[in-house]
Every structure is written in C-alpha cells, then in structure tokens.
Amino acid sequence: MQNSSSTSSLGPAGLDLSQAFFKPICNTEPPSPTKRHTKISIIGTGNVGMAITQTILTQDLCDEIALVDAKPDKLRGEMLDLQHGAAFLPRTKIKASVDYDVTVGSDLCIVTAGARQIPGESRLNLMQRNLSLFKCIIPPLAKYSPDSVLLIVSNPVDVLTYVAWKLSGFPSNRVIGSGTNLDSSRFRFLIADHLDVNAQDVQAYIVGEHGDSSVALWSSISVGGVPLLSLLERQQIAYEKATLEKIHREVVESAYEVISLKGYTSWAIGYSAASLARTILRDQRRIHPVSVLAKGFHGIHDGDVFLSLPAQLGRSGVLG
C-alpha cells in the first residue's frame, strides 16, 4: 500500500491549484520558525486505535495524524472514513501506510497494535502473542522519530512498556504505559456514582499493575478537596472495609464485563489515551497514574520494573 494522505491535487496531471486559487498579499514573511507542527502516530487501527484517533481528532490535539496497520484495506478504509468527516472536524492532515516511514518526525507515538483480549483471558496471557509483534513495531518507530515519546496501550501494558523501553533505546522518561489511568477513571466513576457527584470532582488513584493485582489507594480519595475516609471518621459514619473492597473489585472486573458484553473495550481507553496525549503535547504537567520505570520507588531496588505510579507528565514525557 502506498502512503496515502488527506491532501490531494486537483487539475490536469495532478496539478496543485492551491497557488492559483489564492493570490499572495504584499510584504509577507514566511511562517515563524517557532510555530510548531505537532504530529501523532497511532499504530494499530483496531477498535482501540480508532477510538483514540477519533477522540484526538475531535479534541484538536495535533496538526497531523499518521496511521499504521498491517491490513492495507482496513487501514485505507479507516483513513477515508475519517477524511470524509473533515467538514465537521478541526483541520488535521491524516496519513496512512503499512510502512513506518509515514511516522517520521512524530512527537508522540501511540502503540495499540496487538492481539485482542478474549472473554475470560487475563492481560498477562497476551504476553507471548504481542512480544514478537513489538519487535517489528518499536525499532522502526525509534528510527523514524528518535525524539518522540512512546505511549504504550497494548496489553499487558506494564510488561510491554518495559519491552518498548528496551527495544527503543529511549531514556525511561520518554517511554510511558497507559497503565492505571483508565482504572483510576473507573474508580472515580464508581465513587462518584455512590455519592451522586460529578466524577471530575473526585480524586482517587489505582496504582500498580494494570490488571488483576492493582492497588486502590483509599487514602487518596477526596471529593471536592475533602478527604473522604477522614470525613467519614470525623462524622462517625460507619463504613465497612468490604464495601471498599467491592468497589475495587468492580474496577478490576469492569473491563472483563465490557468484553463479555460487546467483545472489546474502546471508548474509555480512547478518552484515557487522548487525555495523556493532551497533557504530554501541551506540556500540561498534570498528574496521571501511568506505567513508568519504578526502580528506586517504594522499595523497588532490584531489576527494572514498570508499574503505574502517580506521575507528572509534560512535553518530555515523565517529569517526576
């Protein structure tokens, strides 16, 4: 499949008519060298990859998106479908190719490609199926975009973020896994649902593995800035540990429930990845629970382990 773009030429023999259509004004200067062209590459155009792409497009997070997939017909179809909505979206150039040279000069590379998790299958069981795939994905991304930030979404995300770090040769701050950013959103939703408040007013973190052994930080829960458990204790409101554990269990099992009902998860991880892209590309310096190199933290001293911890993110990736 040849590299396809959202820009096309009109006129005989593909003549570019843009110069003829617009007449330049007098005394102009070239664009400012400080004006930044932002490019995101998304690897994998399955349900997750396209949910991320659609969310990034509607939120106007970049100037150019490059899509890469091994299935040329599916890839071109997705590209055309998005391009046909151009009149309803912010102006974004969309390219697609089975070749990784389309990703050249990316600021952020989001990897979603991999085997789909089937009902009843744990994320760790996907490891062997996705490991060989990453050996074909990460090195060319590092080659064509050596200064980019890698955001890994494929599961098992913590292990594959480590694999991407090793294969890319990038510094650890520029290799990030989506981690428990989505788990924490599910956690906040369930707490907000119990309290009948907006989830955006709830602060709460799930850390550790993105999966069955994740850890709920109960002390991190606050609603409108008020620590929840401290408030309950001060007002002598009884609550049972079993209730808290039930909420955490719902967080862990929620992905399995969605997969059993519709066959896959897509929209929530799309929103989650787009929120990480916004924080990174716009240097927002927000705190997200994402998969990072955890060596030296919380008693982890031996070996290189990637786990989700609350991390400050910005243009250079993990700031701290």
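Just a few scattered comments:
- Options 259, 269, 206; residue that is assigned to a strand (DSSP E or B) and touching a residue at least 40 places away in the same chain (Cβ under 8 Å): 206
- Checked against (1) at pLDDT 90 or above; (2) within 24 Å of residue 311 (Cα to Cα); (3) loosely packed, with under 15 Cβ neighbours inside 10 Å, residue 179 meets all criteria but (3).
- Condition broken by residue 218, with the remaining ones in (1) more than 24 Å from the chain's Cα centre (by Cα); (2) under 19 Å from residue 156 (Cβ atoms); (3) in contact (Cβ under 8 Å) with a residue 24 or more places away in the chain satisfied: (2)
- Residue in the stretch 119-162 that is modelled with the lowest pLDDT, counting only those that are assigned to a helix (DSSP H, G or I) and among the charged types (D, E, K, R): 123
- Of 184, 220, all but one fail to be assigned to a strand (DSSP E or B), closer than 25 Å to residue 280 by Cα and open to solvent by less than 60 Å² (accessible area, probe 1.4 Å); the exception is 220.
- Residue within the stretch 118-138 that is small (Gly, Ala, Ser) and open to solvent by 60 Å² or more (accessible area, probe 1.4 Å) present: yes
- Residues in the stretch 50-71 that are buried (at least 24 other Cβ atoms within 10 Å of the Cβ) and out of contact with any helix residue (DSSP H, G or I) (no Cβ under 9 Å at 6 or more places or on another chain): none.
- Conditions (1) surrounded by fewer than 21 Cβ atoms within 10 Å (Cβ to Cβ); (2) in a loop (DSSP other than H, G, I, E, B); number of the one not met by residue 95: (2)
- Comparison of 101, 81, 73 shows that the only residue that is part of a helix (DSSP H, G or I), of a type in the set (Asp, Glu) and under 30 Å from residue 257 (Cα atoms) is 81.
- Single match in 80, 108 (criterion: in contact with a strand residue (DSSP E or B) (Cβ under 9 Å, 6 or more places away or on another chain), over 24 Å from residue 176 (Cα atoms) and modelled with pLDDT of 95 or more): 80
- Residue count, the stretch 226-239 (criterion: open to solvent by 60 Å² or more (accessible area, probe 1.4 Å) and in contact with a helix residue (DSSP H, G or I) (Cβ under 9 Å, 6 or more places away or on another chain)): 3
The values are calculated or read from the model by the stated rules, or taken from the named source; none is laboratory data. Predicted, not measured: the structure shown is a model, and the values here were computed from it. Note that we place each Cβ from the backbone using ideal geometry, even for glycine, and neighbour counts take in every protein chain shown. Heads up: the accessible areas ignore ligands, DNA and RNA and are worked out on the full protein's heavy atoms, side chains in. Shrake-Rupley method; radii C 1.70, N 1.55, O 1.52, S 1.80 Å.
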